[in-house]
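The values are calculated or read from the model by the stated rules, or taken from the named source; none is laboratory data. Computed from a prediction, not measured in an experiment: that's the story for all the values here. Positions of Cβ are generated from backbone atoms using ideal geometry, with glycine treated the same way; all protein chains shown enter the neighbour counts.
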Amino acid sequence: MPAKPSFDLKKYTRNHIRNVDSALANYLPSARTKPTTIHQAMRYSLFAGGKRVRPILTLAAAETCGGTSEDAMPLACAMECIHTYSLIHDDLPSMDNDDFRRGQPTNHKVFGDGIAILAGDALLTQAIEISTHAKGEPRYSHADLIREITGAAGSLKLIAGQVADLEATGGKNPTLSQLRYIHKRKTSALLVCSVRLGGMSANCTANQLKALTSFGNHVGLAFQVIDDILDVTKTSKQLGKTAGKDQSTSKATYPAIVGLKKSMEIADQLTDKSFAALKPFKGKAKALEAMARYLLKREN
Ligand code: GRG
């Protein structure tokens, strides 16, 4: 892994999180807009304190390709809406049945299952609406952007991963390759899409898009391996969600299959590969590199 560069990631993420939050607040109907319950529920989860990893990756990828965070912002916000929808639905009793998320009671615990389902649906729909605010660039039309998003969120990627995850839960002992199938879709797909959209908003070249895709694939897998590790090494308070859940529901995870030490080695290797993928940017991908390093070392 390269030596720690002089990049102020804290300052960088603080600025971008503030801008993402303010853009999201403007894109969403206000909490007073009727029917108020649904808009309150959408905002409740969206502003519950997520790390904003996906939108920051979109903005960083755009800047890496010579674009601006302003042009990438609608796509960054769309990704956060889709991610939040997936968390709300994942927490439902019929899915992972969780009481806490982002340090707060889950959406259905506050608003009930019906409204939580609808809040997820509305955030997914809102994401598509928000993405239409992105300006189509010469190389990537609006149709390309929408296809990118719906591809990542649809039944071949995010939903495929969730289906495989549901079917592998409860002591089914999946193999490492089945686990990789789940992680690539359930976790990586949205992360890959986030960085690709950033590049597309900056009218990136085909080679740049290829490099971003490779970066996203490696970071995405590393992200989930770390998530699996954190589930067994951190407390619920540290995570802002129920710790030890994977073990108690006999979920397929890296630590369960290869052990903690080997899982950490795999996350390290994947992060190294993500750095290697950034080589074509010749030092202009400092923010992406810093994000990958942070995601490897994160504590929640
Ligand atoms: C319901 C279609 C559907 C999909 C659900 C999101 C999801 C798929 C499952 C949740 C559990 C899980 C381990 C998902 C993998 C992705 C992941 C680690 C999500 C958490 O992302 P963070 O850490 O969360 O970026 P914050 O709250 O910081 O945004």
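For region 144-196, a residue qualifies if it is at pLDDT below 95 and either exposed (fewer than 13 other Cβ atoms within 10 Å of the Cβ) or among the acidic types (Asp, Glu) (or both), and the qualifying residues are ASP165, GLU167, GLY170, GLY171, LYS172, ASN173, THR175, LEU176, SER177. Of the residues making up region 115-125, those that are out of contact with any Phe, Trp or Tyr (no Cβ under 6 Å at 6 or more places or on another chain) and buried (at least 23 other Cβ atoms within 10 Å of the Cβ) number 2. Per the conditions (1) near the ligand (Cβ under 10 Å from one of its atoms); (2) buried (at least 16 other Cβ atoms within 10 Å of the Cβ), the sole criterion not satisfied by GLY103 is (2).
Restricting region 1-13 to residues that are without any contact (Cβ under 8 Å) to a residue 24 or more places away in the chain and assigned to a helix (DSSP H, G or I), the residue that is farthest from the chain's Cα centre (by Cα) is LYS11. Of all the listed residues (LEU176, LEU92, LEU145, LEU118), the sole one being more than 12 Å from the ligand (Cβ to nearest atom) and over 28 Å from ASN217 (Cβ atoms) is LEU118.
Region 233-300 holds helices (runs of 4 or more DSSP H) entirely within its bounds, and those carrying 2 or more residues that are free of Cβ contacts under 8 Å to residues at least 60 places away in the same chain, within 16 Å of the ligand (Cβ to nearest atom) and surrounded by 17 or more Cβ atoms within 10 Å (Cβ to Cβ) map to 254-258, 260-277. Being in a helix (DSSP H, G or I), crowded, with 22+ Cβ neighbours inside 10 Å and aliphatic (A, V, I, L, M) is a description that applies to ALA211. Only residues that are of a type in the set (Asp, Glu) and without any contact (Cβ under 8 Å) to a residue 24 or more places away in the chain: list them for region 130-178, please. Selection gives GLU167 alone. Restricting region 48-81 to residues that are touching an Asp or Glu at 6+ places or on another chain (Cβ under 8 Å) and within 16 Å of the ligand (Cβ to nearest atom), the residue that is farthest from ALA211 (Cα to Cα) is GLY50. When LEU166, LEU145 are checked against the criterion of being touching a helix residue (DSSP H, G or I) at 6+ places or on another chain (Cβ under 7 Å) and among the hydrophobic types (A, V, I, L, M, F, W, C), a single residue qualifies: LEU145. Here is a check on your reading of the model: is ARG196 charged (D, E, K, R), away from the ligand (no atom under 16 Å from the Cβ) and within 16 Å of MET291 (Cβ to Cβ)? Against the criterion (charged (D, E, K, R), away from the ligand (no atom under 16 Å from the Cβ) and within 16 Å of MET291 (Cβ to Cβ)), ARG196 qualifies.
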